[in-house]
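Scroll down for the structure; my scribbles are underneath it.
The numbers here are math on the coordinates, done by the rules we state, and not lab data. Note that the structure is predicted; figures quoted are calculated from it, not measured. Note that each Cβ is placed from the backbone with ideal geometry, even for glycine, and that neighbours are counted across all protein chains shown.
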Amino acid sequence: MNLTEGSTEEKQGRAKKMMLWFGIASLLMTFAGWTSAYIVSSTRQDWLKNFELPSSFYISTILLIISSLTYILAKKAMKENKVKLCTSFLITTLILGFAFILFQFQGFSQIVAQGYYFTGESSSVTTSYIFLIAMVHIFHVIAGIISLIVVLFNQFKGKYSSQNMLGIELGATFWHFLDLLWVYLILFFYFYK
C-alpha cells in the first residue's frame, strides 16, 4: 500500500507511527553519542577501571524487561477483545515502570554510598557519565509512563478495541524501545570498563 492510500484515519495512523520512529531514531543518536563519549573518556587517567554497577540497576533491568512482557500481553488481550485483562496488564506495566524508577534512584544512592557524586570533588568522570546517561533514560521512562497513563485513560473510556489499537501500539513501541535501550546501556556499562 502506498503511504497516500487509505482512509484519513489510516493515513493519520501511519503518520503517527512514522513520527514515533523519527523520535526513536533521534534518541538512538543521542545515546550513541553519549556512549561514544564514555568510550573516549575511558582513556583518561582518572577513569575508574574496576567500578561495579549498583545491584539496584540489575533489579531495575529485570523489572523493565517484565514490564515489556506485560505490555505485550496487554496488546494480545486487546486483540482478543479481553478488555479487563488488557487493563490489568496495562496497570501492571505502569506499576513496573514506577518500580524501575524507584530502583534506579536506589542505584544512585548506592553509587553515592561508595563515595561518588554526580559533580564536585567527590565525583568521578566514570560515575558522572553513568549518572547522566541513566538520568536522561529515566526522563524518557517518565515520558513513557505519561504515554502509558494516556493509554490507560483512553482504555477506561473504551476507546480501544481489536479493530482500533493505534494508541496501545504506539505506547507499546515506545515502551519496548525504552526497554531495549536500557538493556543496551546496562550491558554497555557492564562490559565496557
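Subtracting the Cα-Cα distance of Leu69 and Leu102 from their residue separation scaled by 0.36 nm leaves 9.9 nm. Taking 7 Å steps out from each Cα toward its Cβ at Glu121 and Ser162 produces label points 6.7 nm apart. Peptides 131-138, 158-165 ranked from most to least packed give 131-138, 158-165, packing being the mean of other C-beta atoms within 10 angstrom over each peptide's residues. So if R0 is 22 Å, what FRET efficiency would Arg14 and Phe153 give, r being the distance between their Cβ atoms, rounded to the nearest 0.05? In this case the efficiency is close to 0.40.
Pairs of lysines in the chain whose Cα atoms sit within less than 25 Å of one another amount to 29, provided the residues are eight or more positions apart or on different chains. Within the listed set Glu52, Glu80, Glu121, the residue fluctuating most in the Gaussian network model of the chain (springs between alpha-carbon atoms under 10 angstrom) is Glu121. Shape of the range 93-159 from the C-alpha gyration tensor: prolate (a/c of 1.5 or more and a/b above b/c, with a ≥ b ≥ c the square roots of its eigenvalues). Put simply, when 106-115, 85-94 are sorted by average Cβ atoms within 10 angstrom per residue, most first, you get 85-94, 106-115. Sorted on the mean count of surrounding Cβ atoms within 10 Å across their residues, most packed first, peptides 27-34, 166-173 read 166-173, 27-34. By the helix-only formula, in which each DSSP H run with n ≥ 4 contributes -39500 (n - 2.57) and the sum is divided by residues, the chain has a 222 nm mean residue ellipticity of -27500 deg cm²/dmol. Apply the a/c threshold of 1.5 to the C-alpha gyration tensor of the range 1-106 and tell me whether it is rounded, prolate or oblate. Oblate, because a/c is 1.5 or more while a/b does not exceed b/c.
Going from the residue with the fewest nearby Cβ atoms within 10 Å to the one with the most, Thr126, Thr8 rank Thr8, Thr126.
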